[in-house]
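A quick write-up on the structure given underneath.
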Amino acid sequence: MSSRFAGKVIVVTGAAQGIGRSVALRAAAEGGKVVLVDRAEFVGDVANEADGVAASFVADLETHAGAQAAMDFAAQTFGGIDILINNVGGAIRMRPFAEFEPAQIDAEIRRSLMPTLYGCHAVLPHLIARGGGTIVNVSSNATRGIYRVPYSAAKGGVNAITQSLAMEYADRNIRVVATAPGGTSAPPRRVARNAQGDTAQEQAWMGEVVEQVTSSTFLKRYGTIDEQVAPILFLASDEASYITGSILPVAGGDTG
Ligand SMILES: NC(=O)c1ccc[n+]([C@@H]2O[C@H](COP(=O)([O-])OP(=O)(O)OC[C@H]3O[C@@H](n4cnc5c(N)ncnc54)[C@H](O)[C@@H]3O)[C@@H](O)[C@H]2O)c1
């Protein structure tokens with residue numbers, strides 16, 4: 001492992017499982033002082049697994065107060081923040097748009113847009129105080145795709161945050177970038193996206209999504225978590241010092 005992140009304080013949100021967990025553990029192994037933030041209590045166990053310096057913080061990032069508390073904790077624990085990886089998100093339900101209930105639309109926006117919007121807002125004073133820093137937003141290739149229009153809208157918002165914030169804060173030495181993952185294989189989730197579980201109809205719609213994604217992916221397969229982690233950490237590192245405002249598709253050639 002390299003020491004790309006030696007001396008850097010890195011906050012990773014949604015770090016209890018999936019892509020966020022692997023990003024956090026690899027960043028710690030590469031020398032970062034990592035703060036793993038999640039609303040799942042077991043995020044503390046994940047921080048304990050780190051081969052390096054790591055702390056954890058439990059917060060609901062769908063609230064501004066949660067985002068603020070997480071960033072303040074990181075800055076107090078390690079003396080500042082250099083990098084924020086806004087990873088919380090994920091489609092809760094897959095269904096044709098007309099089948100969404102209004103409350104379900106709101107839930108998708110709360111899950112996949114607000115934690116990034118609040119996270120960026122809450123971290124900015126810390127990055128400015130540090131003289132600069134980097135924000136990596138984990139967006140999605142599903143800004144074009146079937147059966148998850150509210151999620152697509154939320155991630156379109158994440159892309160807009162990335163581009164506008166990069167423009168607005170470049171003169172404060174702050175880079176803002178994003179990856180847009182395509183379909184990614186992962187072990188079974190400890191915390192389900194949809195706490196109510198999926199009905200047979202929802203599983204069938206999900207099957208159609210998998211078919212559509214795979215057929216429009218040049219490489220004809222889902223990516224792995226490691227294939228998502230590598231570009232996220234490249235963009236977070238100083239190796240990407242001339243990249244800002246960019247949204248990098250990591251989707252095997254899929255354009256939706
Ligand atoms: N997995 C994929 O196929 C895929 C594809 C494209 C994009 N993405 C994006 O990658 C990111 C990670 O996806 P994943 O599949 O690894 O996620 P996941 O659903 O497996 O895990 C998300 C984590 O975020 C936490 N979380 C959710 N809401 C939270 C909140 N309000 N406050 C604090 N923590 C919260 C959960 O507890 C969980 O630990 C998401 O933004 C997702 O949209 C994933």
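The values are calculated or read from the model by the stated rules, or taken from the named source; none is laboratory data. As the structure is a prediction and not an experimental result, all values here were calculated from the model. Cβ coordinates were reconstructed from backbone atoms using ideal geometry, including for glycine residues, and neighbour counts include every protein chain displayed.
Tabulated results
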| quantity | calculated |
| --- | --- |
| Test: residue in the range 47-66 that is part of a strand (DSSP E or B), touching an Asp or Glu at 6+ places or on another chain (Cβ under 7 Å), in contact (Cβ under 8 Å) with a residue 12 or more places away in the chain and more than 12 Å from the ligand (Cβ to nearest atom) | no |
| The lone exception for Ala195 - which of (1) within 14 Å of the ligand (Cβ to nearest atom); (2) at pLDDT 95 or above it fails | (2) |
| Subset of the range 157-189 [surrounded by fewer than 16 Cβ atoms within 10 Å (Cβ to Cβ), in contact with a Gly (Cβ under 9 Å, 6 or more places away or on another chain) and under 23 Å from Val229 (Cβ atoms)] | Ser185, Ala186, Pro187, Arg189 |
| Test result for Leu113, within 16 Å of the ligand (Cβ to nearest atom), farther than 14 Å from Asn159 by Cα and in contact with a Gly (Cβ under 8 Å, 6 or more places away or on another chain) | no |
| Pair list, Cβ under 8 Å, 6 or more apart: the range 135-156 residue at negative phi and among the basic types (Lys, Arg), other residue within 12 Å of the ligand (Cβ to nearest atom) and part of a helix (DSSP H, G or I) | Arg144/Ser152; Arg148/Glu108; Arg148/Ala142; Arg148/Val209; Lys155/Ser112; Lys155/Ala142; Lys155/Thr143 |
| Test: residue in the range 199-210 that is within 30 Å of Gly32 (Cβ to Cβ) and exposed (fewer than 13 other Cβ atoms within 10 Å of the Cβ) | no |
| Residue among Leu248, Leu235 that alone is crowded, with 19+ Cβ neighbours inside 10 Å, under 18 Å from the mean Cα position of the chain (by Cα) and not small (Gly, Ala, Ser) | Leu235 |
| Scope the range 244-256; condition part of a loop (DSSP other than H, G, I, E, B), among the β-branched types (Val, Ile, Thr) and under 27 Å from Phe100 (Cβ atoms); matching residues | Thr255 |
| Residue among Gly80, Gly133 that alone is away from the ligand (no atom under 16 Å from the Cβ), at pLDDT 95 or above and over 18 Å from the mean Cα position of the chain (by Cα) | Gly80 |
| Residue within the range 83-102 that is under 14 Å from the mean Cα position of the chain (by Cα), of a type outside the set (Lys, Arg) and away from the ligand (no atom under 14 Å from the Cβ) present | yes |
| Filtered residues of the range 203-243 (kept if away from the ligand (no atom under 12 Å from the Cβ), in a helix (DSSP H, G or I), farther than 30 Å from Val9 by Cα and among the aliphatic types (A, V, I, L, M)) | Ala204 |
